[in-house]
Amino acid sequence: MIDFKIAPDGGGKFEVTATTRDILNWERTTRGASLKKLMDELHTADLYKVAHFAARRTQQFTGTLQEFEASCDLEFELEETVKEPDPTQ
C-alpha cells in the first residue's frame with residue numbers, strides 16, 4: 001500500500017512496504033484514525049507510525065517508535081489507485 005525507503009542514521013537505507021496489517025495497527029492505536037484520513041491528510045507523524053509498524057513487522061527495525069523517529073528519515077510512495085468510471089451515469 002505504501003512503499004517506504006528508510007534511512008537510519010549511520011546505517012544503510014532499506015525499503016519496506018506498509019500493508020493493510022500495518023494500517024490496521026495504526027488505526028487501532030491512533031484515536032480517530034482511518035485509511036481515508038491517512039491518505040487524505042498525510043501527517044508526517046502518522047506516516048512514521050505506519051512505517052515503524054512495517055519495519056518492526058519485517059524485522060528490519062527493533063526499537064521503539066520514539067527511537068525510530070529520532071534516528072530515521074523517510075521517503076515514501078503511495079500506491080496509485082485506479083478509479084473506474086461510474087457505469088451509472
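The values are calculated or read from the model by the stated rules, or taken from the named source; none is laboratory data. None of the values given here were measured: they were computed from a predicted structure. No Cβ is skipped: glycine too gets one built from the backbone with ideal geometry, and neighbour counts run over all protein chains shown.
Scanning the stretch 22-32 finds one or more residues that are within 12 Å of residue 4 (Cβ to Cβ) and at pLDDT 95 or above.
Report whether or not residue 70 is at pLDDT 95 or above, touching a strand residue (DSSP E or B) at 6+ places or on another chain (Cβ under 6 Å) and of a type outside the set (S, T, N, Q). Criteria not met by residue 70. I'm trying to understand the selection: among the residues of the stretch 42-69, which are assigned to a loop (DSSP other than H, G, I, E, B), in contact (Cβ under 8 Å) with a residue 12 or more places away in the chain and not β-branched (Val, Ile, Thr)? Within the stretch 42-69, 60, 61 qualify. When the residues of the stretch 1-38 are filtered to those that are closer than 19 Å to residue 69 by Cβ and of a type in the set (S, T, N, Q), which remaining residue is surrounded by the fewest Cβ atoms within 10 Å (Cβ to Cβ)? Of everything passing the filter in the stretch 1-38, 29 is surrounded by the fewest Cβ atoms within 10 Å (Cβ to Cβ). When residues in the stretch 50-73 are screened for being surrounded by 15 or more Cβ atoms within 10 Å (Cβ to Cβ), farther than 16 Å from residue 22 by Cα and of a type outside the set (Gly, Ala, Ser), 2 of them pass. Filtered by the rule that a residue be assigned to a helix (DSSP H, G or I) and either in contact with a Pro (Cβ under 7 Å, 6 or more places away or on another chain) or small (Gly, Ala, Ser) (or both), the stretch 13-41 gives no residues.
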